[in-house]
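*Asks:* Sharing a structure with you now.
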Amino acid sequence: MEDWNDLKLVLAVHRAGSLTQAAQILAIDHSTAFRRLRALETRLDVRLFERLPGGVYQTTPAGARMAAGAERMEDEALALDRDIVGGDHRLSGQLRITSSETLAYSRLTGHLAAFRRAHPGIVVELVIENRVLSLSRREADIALRPVRPKEGELWGRKLADMAWALYAAPDYLETQGKLRHAEDIGGHAIIGWEAGTAGIGAADWLAEHVPPSAFVYRSNSLVNQSIAAKAGVGITLLPCYLGDSETGLARALATPITEIAGELWIVTHVDLKQTARVRAFFDLVGEALIRERDLFEGRRL
């Protein structure tokens, strides 16, 4: 194997189970990926993937061995990259941050502006992504996550607990009345997640406490849900840092929903924790978010 790009292609197809998705991951044309894979199999005289209906690529034993070798090489290359970047003491260069849409919209962008003013040599790239990106694979340098990290190679700190509460437009509450108890929610017009959404605390709580007939509006975006609530569509369940900071929203129930309380963490890979621009971000943005702890924990009313 003389071309690392061939190994990256095999690994990408193995992970994605699709040549189309692998091409997108590698930022190449599907036709280019198809030609390269076919040429590689011809040169090696071995089939690396079985082509199944629906565009599914199933890894053969030979393909699995090659993908495993490619993954080991990728791990070594990434470790070397982190080792070199980890010793970078310059307050310049690119810094890739990942955050949820809701946090970026409500709190983070203003702090990023302050960070840029303090460190104009650092180029910030913000990836709005609700899925968990891999810090080991350098999909991001720093992540702001609503869950405690479990990976042993990560390093970070808890910034705050995160409370959730029910919100609606003041006009809606004046007409329909506020809730006295969470159990009263079924008698109102409810804004929720897409039908069938599971594994998200807020969506699971609503599915458990609200009859399907009460849902009048659904969206997979909390930002959009908050906008719909401000427009008077109904009651929605939001993190307090979003709901309490939005003009045009008021709590439909005074107290947060304790069953779905979460946490906010700032994390990076342990190899990058001494990098100057990473430490600068932790110091400025991390501390700014800690100062807003009352808002995150639902105590700023």
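*Asks:* Hey, in the GNM for the chain with a 10 angstrom Cα cutoff, which one of 282, 215, 34 fluctuates hardest?
*Replies:* For the chain, modelled as a Gaussian network with Cα springs under 10 Å, the answer is 34.
*Asks:* Would you order 150, 8 from fewest to most other beta-carbon atoms within 10 Å of each residue's own beta-carbon?
*Replies:* 150, 8
*Asks:* Express the relative contact order of the chain as a whole percentage, based on alpha carbon pairs under 8 Å and six or more residues apart in sequence.
*Replies:* This gives 22 percent for the chain.
*Asks:* Could you check which residue among 117, 107, 148 shows the biggest mean-square fluctuation in a GNM of the chain with a 10 Å Cα cutoff?
*Replies:* 117
*Asks:* What residues have an amide H closer than 5 Å to that of residue 123, excluding those fewer than 5 places away on the same chain, when H is modeled at 1.01 Å from N in the peptide plane?
*Replies:* The answer is 93, 94, 95.
*Asks:* Sort 210, 13, 123 by Cβ crowding within 10 Å, fewest neighbours at the top.
*Replies:* In increasing order of surrounding Cβ atoms, one gets 123, 210, 13.
*Asks:* Which is farthest toward the positive dipole end of the chain among 255, 91, 49, measuring Cα position about the Cα centre, with Cβ charges +1 (Lys, Arg) and -1 (Asp, Glu)?
*Replies:* Value computed over the given set: 91.
*Asks:* Additional query: Whole-Hz ³J(HN,Hα) for each residue in the stretch 4-17, computed from phi via Karplus 6.51 cos²θ - 1.76 cosθ + 1.60 with θ = phi - 60°, x for glycine and proline: what do you get?
*Replies:* 4, 5, 5, 5, 5, 5, 4, 5, 5, 5, 4, 6, 7, x
*Asks:* For every helix of n ≥ 4 consecutive DSSP H residues, a contribution of -39,500 (n - 2.57) applies; sum these over the chain, divide by its total residues, and give [θ] at 222 nm rounded to the nearest 500 deg cm²/dmol.
*Replies:* -11000 deg cm²/dmol, from helical runs alone.
*Asks:* If you don't mind, there's one more thing I want to ask. Taking neighbour Cβ counts within 10 Å as the exposure measure, how do 275, 247, 197 sort from fewest upward?
*Replies:* Ranked by crowding around the Cβ, least crowded first: 247, 197, 275.
*Asks:* Kindly work out what percent of the DSSP beta bridges joining two residues of the chain are antiparallel, to the nearest 5.
*Replies:* Bridges in the chain that DSSP calls antiparallel: roughly 65 percent.
*Asks:* Right, something else. Name the residue, out of 90, 43, 291, whose mean-square fluctuation peaks in a Gaussian network model built on the chain with Cα pairs under 10 Å.
*Replies:* Highest fluctuation of the listed residues: 43.
*Asks:* Right, here's the next one. In whole Hz and in residue order, list the ³J(HN,Hα) couplings for the stretch 39-49 that follow from phi through the Karplus curve 6.51 cos²θ - 1.76 cosθ + 1.60, θ = phi - 60°; x for Gly and Pro.
*Replies:* Using θ = phi - 60°, the values come out as 5, 5, 5, 5, 5, 8, 6, 8, 8, 8, 9 Hz.
*Asks:* Shifting gears a bit: Of 200, 226, 237, which is farthest along the charge dipole of the stretch 164-260 in the positive direction, counting Lys and Arg as +1 and Asp and Glu as -1 at C-beta?
*Replies:* Result: 226, furthest along the dipole toward the positive end.
*Asks:* With only Lys, Arg, Asp and Glu charged, each at its Cβ (+1 for the first two, -1 for the last two), find how big the charge dipole of the stretch 164-260 is about the Cα centre; round to the nearest 20 debye.
*Replies:* 160
*Asks:* Between the alpha-carbon centers of the stretch 112-176 and the stretch 36-72, tell me the distance in whole angstrom.
*Replies:* 37
*Asks:* Quick one: if you take sqrt(5λ) for each eigenvalue of the C-alpha gyration tensor of the stretch 164-260, what semi-axes come out, biggest first, whole angstrom?
*Replies:* Three semi-axes, in Å: 17, 14, 13.
*Asks:* Pairing the Cα long axis of helix 61-86 with the longest principal axis of the chain, what angle in degrees results, from 0 to 90 and rounded to the nearest 10?
*Replies:* 70
All of the numbers you see were taken from the coordinates with simple rules; none came from a lab. If you're wondering where the values come from, they're calculated on a predicted model, not measured in any experiment. Note that each Cβ is placed from the backbone with ideal geometry, even for glycine, and that neighbours are counted across all protein chains shown.
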